[in-house]
Amino acid sequence: MTDAYVLDYVRTPRGKASPKGSLHAHSALDLVVHLQDALVERTGLDVETVDDVVLGCASQVDEQGANIARTAALLAGWGDSAPGVTINRFCASGVDAVGQTAARVRADDLQLAVAGGVESVSRVPMFVDRGPLWTDHDVVRQIGSVHMGIAADLNATMDGFTRAELDAYGLETQLKAAQARADGAFGRSLVPVGTLDHDELVRPDTTLEGLAALPPAFAELGAGGQDAIALGAYQGVSSIDHLHTVGTSPAMADAAALLLIGSAAAAERAGLPPRARIVGSATTSVNPVVMLTAGQSAVEQVIARAGLTSADIDVFEFAEAFSALCLRFRRDLDAGPDRMNPNGGTMAMGHAFGATGAILVGSCVDELERRGGRYGVAAVSGAAGLGVAVLVERIAS
């Protein structure tokens, strides 16, 4: 079987998902083409050798519709050889794009491809596709679908986490992200867009006192009927404690990320030394009400398939879908702060749905190189109880 390797990785900064955000003037298509140009410039890539462009995108309507991967390939001048496909695994779309592309390389379906993701939440807002999972009340009640924030509070209640514990994690990730920027941790892969050369959502002045003063973010939503749906579909608890706030929830962002993935033969032809081997990936699903534990399940599965344990993993890049899920992950996998999201995570730097997973895989490779580690895992939990994880192994130089 052919191995699949990460040859290079680029990403945009994460901009605030707001009309006032620094990336709001740039469409999702703009962001992807900008990275395609950067990838060619820094690697000397012959675009005629690219077999496919695989992008994750969660809201595939309006500016993000009509197969944005193919549109970007054409607009970037990559000719007719890169077909382009856009996939939707909700928030896990980007990491799934990487996993699927690597699997196709291993199956000799591809030699060289670009995988990644994009989301401009400020221009194409969450839930704008108005799918039945969000808008059809009969469907919602039949399958027990609830808002992610309700699922987060349900998980916090199930595990008995306190508000203070959630806030402490929220502070930790902000301080890590601020330190990472000061240390230049993202310098190798970050491609500025206009004047934005950093993740603009990080709040280095965050304090525990400030977090403690924030009101619960999802109590009103729960009282409006969401708690009843959750408790009706999941009888594990009798009530839900609403503990998460905007400070312990992922911030919405605009961003894109691309990874160049190929076989050893393709890497040699391109004159690019492989940076990491993509060992494997796992895709899982869980109860759609509990929802946000699937990313952890995927991590456990991909590690076990490789014959490894949590102790073998040097870096965990785990999408911060609310504090409670991060605390559970840390507890269950014994993943301390030095190994889990060492440079902060999506609660601090922002969550750009389709792009986040690709950013995490690339960040994992970057961090393994920074610390000389061997194995890293990137994982994301998505809506409807979906989760995807990718395991990588650094190639020692």
- Based on the Cβ-Cβ distance of HIS137 and ASN287, what FRET efficiency does E = 1/(1 + (r/R0)^6) give at R0 = 35 Å, to the nearest 0.05? 0.95
- Note on the structure: For the range 117-173 the trypsin sites (Lys or Arg not before Pro) that pass both the DSSP coil test and the at-most-15 other-Cβ-within-10 Å test are ARG130
- Cα long-axis angle, helix 294-305 against the chain (0 to 90 degrees, to the nearest 10): 50 degrees
- Message: Per 0.36 nm of contour for each residue apart, how much would the distance between VAL61 and GLU48 grow if the chain were fully extended, relative to their Cα-Cα spacing?
- Response: 1.8 nm
- the chain: angle of helix 163-183 to the longest principal axis, Cα-based, in degrees nearest 10: 30 degrees
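What does the charge dipole of the chain about its Cα centre add up to, to the nearest 20 debye, if the Cβ of each Lys and Arg holds +1 and the Cβ of each Asp and Glu holds -1?
Dipole magnitude for the chain comes out near 260 debye.
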- Give me the distance between the Cα centres of the range 267-321 and the range 196-210, rounded to whole Å. 28 Å
- So, in nm, how far is label ASP80 from label PHE127 when the simple model puts each one 7 Å beyond its Cα toward the Cβ? 4.5 nm
- Would you mind computing, in nm to one decimal, how far apart the modelled labels at ALA384 and THR207 are, each placed 7 Å from Cα along Cα→Cβ? 4.5 nm
- Item | Extension gain from ARG371 to VAL237, taking 0.36 nm per residue of separation minus the Cα-Cα distance | 44.0 nm
- Could you tell me the distance between the Cα centroids of the range 60-100 and the range 120-154, to the nearest Å? 23 Å
- Query: So what's the angle, to the nearest 10 degrees on a 0 to 90 scale, between helix 93-106 and the longest Cα principal axis of the chain?
  - Reply: 40 degrees
- Task: Note down the nm distance, to one decimal, between modelled labels 7 Å out along Cα→Cβ at VAL246 and at ASP183.
- Result: 2.9 nm
- Query: Kirkwood hydrodynamic radius of the chain from all distinct Cα pairs, in Å?
  - Reply: 20.7 Å
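Throughout, read-outs are computed from the coordinates displayed, never taken from laboratory work. Because the structure is a prediction, the values reported are computed rather than measured. Methodologically, a virtual Cβ is constructed for each residue, glycine included, from the backbone with ideal geometry; neighbour enumeration extends over all protein chains shown.
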